[in-house]
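Q: Can you read through this structure? Questions will come right after.
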Amino acid sequence: MNSQSLAPVARWFSIVGGLLLTALMLMTCYSLIGRNLFDSALIGDFELTGIGSGAAIAFFMPICQLYKENIIVDFFTARCSASTTNKLDRLGSLMMALIFALLAWRCTVGALSAKEAMGASMLMGFPDWIVFTCMAVPFALTAVIALLQTLESSDISNKAAA
């Protein structure tokens with residue numbers, strides 16, 4: 001199994017993220033038009049924007065990691081050999097795997113805690129555990145992709161970047 005085998009799932013997650021952002025954009029337009037033309041705003045639109053934006057960003061992370069589209073500052077490695085660069089890239093992937101595993105774990109713990117405490121947003125009462133759960137799953141997928149990239153040889157990782 002290599003990281004590219006998870007490409008279809010990562011693509012679906014990115015589609016979900018895009019749909020979330022599209023829904024947020026339409027909701028914002030509706031709220032602005034209602035507020036400015038009909039003097040009736042959508043109550044809690046800023047809460048939904050924050051909730052949806054956070055979840056959408058999480059849904060974009062797997063595809064970002066899959067294609068290694070994170071910001072890389074190669075100022076110090078520009079003159080390194082291909083072997084050294086590959087080792088540093090794999091180390092970076094390992095660090096990303098650890099970070100996203102930690103994020104997935106903490107979001108899972110947060111979801112369980114919020115469900116138990118019945119935590120919700122202030123105006124709309126939107127359950128917090130749903131947001132944490134929506135973020136934990138793509139973070140876990142991102143961690144798996146990064147871990148697989150860490151274990152792959154340089155030939156496979158070069159094909160993934162192409």
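Q: What is the packing order of peptides 32-42, 140-150, taking the mean over residues of other C-beta atoms within 10 Å and listing the highest first?
A: 140-150, 32-42
Q: Ratio to report: Rg/Rh of the chain, with Cα atoms as the point set and Rh obtained by the Kirkwood method; give two decimals.
A: Taking Rg over the Kirkwood Rh, I get 1.10.
Q: Mind sorting Phe76, Phe60, Phe100 by how few other Cβ atoms lie within 10 Å of their own Cβ, fewest first?
A: With the sparsest Cβ surroundings first, the list reads Phe76, Phe60, Phe100.
Q: Under the classification rounded if a/c is under 1.5, otherwise prolate if a/b is larger than b/c and oblate if not, where does the range 45-131 fall, given a ≥ b ≥ c as square roots of the Cα gyration tensor eigenvalues?
A: prolate
Q: So what's the net charge close to Ile130: Lys and Arg +1, Asp and Glu -1, counting the other residues with Cβ under 13 Å from its Cβ?
A: Cβ neighbours under 13 Å give a net charge of -1.
Q: Enumerate the helices in the chain for which the Kyte-Doolittle hydropathy averages -1.0 or more and the C-alpha atoms extend at least 20 Å along the helix's axis, using complete DSSP H runs.
A: For the chain, where a helix must reach 20 Å along its axis and average at least -1.0, the hits are 7-37, 45-66, 82-117, 128-151.
Q: Report the one residue of Gly44, Gln4, Met124 whose Cα lies farthest in the direction of the positive end of the charge dipole of the range 3-161 (charges on C-beta: Lys and Arg +1, Asp and Glu -1; origin at the Cα centre).
A: Gln4
Q: Residue separation times 0.36 nm, minus the C-alpha to C-alpha distance between Leu19 and Leu37: what's the value?
A: Numbers: separation 18, 0.36 × 18 = 6.48 nm, distance 2.65 nm.
Additional length available on full extension: 3.8 nm.
Q: Let me ask something additional. Can you sort Glu152, Glu69, Glu47 so the residue with the fewest Cβ neighbours within 10 Å comes first? Kindly include the intermediate steps, with their values, before the conclusion.
A: Values: Glu152 19, Glu69 11, Glu47 16.
Least to most surrounded, the residues fall as Glu69, Glu47, Glu152.
Q: Another question, if that's okay. Most exposed first by the Cβ proxy, i.e. fewest other Cβ within 10 Å, how do Val73, Val137, Val131 rank?
A: Least crowded to most crowded, the residues run Val73, Val137, Val131.
Q: Once every DSSP H run of n ≥ 4 in the chain is given -39500 (n - 2.57) and the sum is divided by its residues, what mean residue ellipticity at 222 nm do you get, rounded to the nearest 500 deg cm²/dmol? Show your work: numbers first, answer last.
A: Details: 5 runs with 121 residues, N = 162.
Per the formula, -26500 deg cm²/dmol.
Read-outs throughout are calculated quantities, based only on the coordinates presented, and are distinct from any laboratory measurement. Not measured: the values here are computed from a predicted model. Note: ideal-geometry Cβ built from the backbone for every residue, glycine included; neighbour counts use all protein chains shown.
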